[in-house]
Amino acid sequence: MIGCDSRGAVHTEREDYLDGTMTATKRWYAEMTNPERRAGGPADVIEGADLFIGVSGARVLPAEALLAMNDDAMVFAMANPTPEVSPEEAAPYVRIVATGRSDYPNQINNVLAFPGIFRGALDVQLERDLRADEDGRRARDRRRRDGRRAARGLHHSVGLQPRRDPGGRGGGRRAGARERPRPRARRARLRAGRRGAGPRRAVRVVVTGATGLIGRRLVAALRERDDEPTVLSRSPDRASAALGVPALAWSPLEAPAPSAVLSNCDGVVHLAGENVAQRWTARAKRAIRDSRVAGTANLVAGLRAAEPRPRVLVSASAIGYYGPRSDERLEETAPPGADFLAEVVAAWEHEANTASELGTRVVTVRTGVVLDKSGGALAAMLPAFRAGVGGPIAGGNQYVPWIHVDDLVGIYVAALHDDRWQGAVNATAPEPVTNRELSAALGRALGRPAVLPVPAFVLRLMLGEMAGMVTEGQRVVPVRALALGFEFEHTDVDEALRVALA
């Protein structure tokens, strides 16, 4: 949903708000409802929306503009003294949740931020005893306790009544109730003219670094979606045999990516890079930096020569961008750190972001600790924990921003296919855990004790400077992904580890 007023999308960078009068609350609401800085009038910004609350001013929005909203997934509520669209005008196009009046017409964007105002603003026909046992799947779900039919719409003080059952039918409608006619054919024609008619076209995707931990999973996920991945690899024959997709040769440090391949694709996912999990000798540091910075620069050089160019570049990045930050809560807007890895990641992202100058949408995925038994940090931890000699590292109080591999792949797919995704995105589970909590969860998943501590000096002897990645934590949270509606499958570390080890 886009926060909107009579001037259009609530936008923290709009000229209307640069005089400093925007309150902190409204600025927060603008950032939460319009993180992509969408611009345009009310009729423009509701395209694809599921919920419309209202703007300030009578008849600001033509009723026909409601056709641009999502189809069966939409609801509609008005809460202004002078509604922008009357219920009678809106009824042919949308499902009415409730009608009502607000004493704060100029603050109507805050109704979602303040559920109390939302409840008070709506002059609904509901009663407070309509809260129990309503999942929208039975005929009695929309009946009052006195036997009469309940008003359609809100059945909780805050939540919205679901309208679909798993079979895809409109849920929550009384048996035999007559559906209000909607101009579906007109809606379909509108969308066909704007987005292209017919079934979803397979998306052609070029993937670099596809034989790595994430690349293998991503290529498989794209194939399951009937997309068409092509791989760029230094060993194309081996990559093609392993992944079952076409592969072509490219050495990231030696030449620009082949423009002929890039001009024949819709999007690029760039995963290639030297493994960071090694002792950081001078030679290793150079390889880590060059593989990311110079390799990404050569990829963008290939994009620059491509015609037409891919519309999106999704480039791997890392939470190392933030540097060691103890228990500070790190959102995507946090500044970069100052250690070696933070400087590398910042330069890496800079090279990827130069593709935006070519008209390509760029997403940089700052990845946390990936839970997958076949590789990465979890695979490295398993031998000790299976032997019963695992435990917390360096006291165990440092945060570990983890993510299950399936959720990470899901973020890449969403960033690739959804035009709203842009800029840096933290790819971590919503709730980071401490190293002690992660160790205990891994011990439970394996049925082994996890109490033997590993002192920090032992890691420093083994890994040198790289040990700081493990001994000093980062409390990273995925604010952007959540704001864009991404739904994590694995939010509990115990459950995520059980699935990862299955």
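Close amide H pairs (under 5 Å, H built 1.01 Å from N) link residue 10 with 3, 4, 5, residues at least 5 positions away or on another chain. For segment 311-323, the Karplus equation 6.51 cos²θ - 1.76 cosθ + 1.60, evaluated at θ = phi - 60°, returns couplings of 7, 8, 10, 10, 10, 4, 8, 8, 5, x, 3, 7, x Hz by residue, with Gly and Pro reported as x. Taken per residue, the accessible surface of segment 193-334 reaches 49 Å², heavy atoms only and a 1.4 Å probe. Here's how it looks for residue 434: its modeled amide H is under 5 Å from those of 400, which are all 5 or more places away or on a different chain. The protection proxy used here, the mean number of other Cβ atoms lying within 10 Å of each residue, ranks peptides 267-279, 33-45 as follows, highest first: 267-279, 33-45.
Here segment 304-362 exposes an accessible surface that is 50 percent carbon and sulfur, computed with a 1.4 Å probe and the other protein chains kept in place. Scalar couplings 3J(HN,Hα) for segment 344-349, obtained by applying the Karplus form with A = 6.51, B = -1.76, C = 1.60 to θ = phi - 60°, are 5, 5, 4, 5, 4, 5 Hz; x denotes Gly and Pro. Annotation: peptides 281-294, 303-316, ranked by per-residue average of other Cβ atoms within 10 Å with the highest first, follow the order 303-316, 281-294. Under a 5 Å amide H cut-off, with hydrogens placed 1.01 Å from N, residue 369 pairs with 402, 403 among residues at least 5 apart or on other chains.
The values are calculated or read from the model by the stated rules, or taken from the named source; none is laboratory data. Computed from a prediction, not measured in an experiment: that's the story for all the values here. As a convention, Cβ positions derive from the backbone with ideal geometry for all residues, glycine included, and neighbour counts pool all protein chains shown. Ligands, DNA and RNA are stripped out before the accessible areas are found, and what is left, the full protein with its side chains, is counted by its heavy atoms. Shrake-Rupley method; radii C 1.70, N 1.55, O 1.52, S 1.80 Å.
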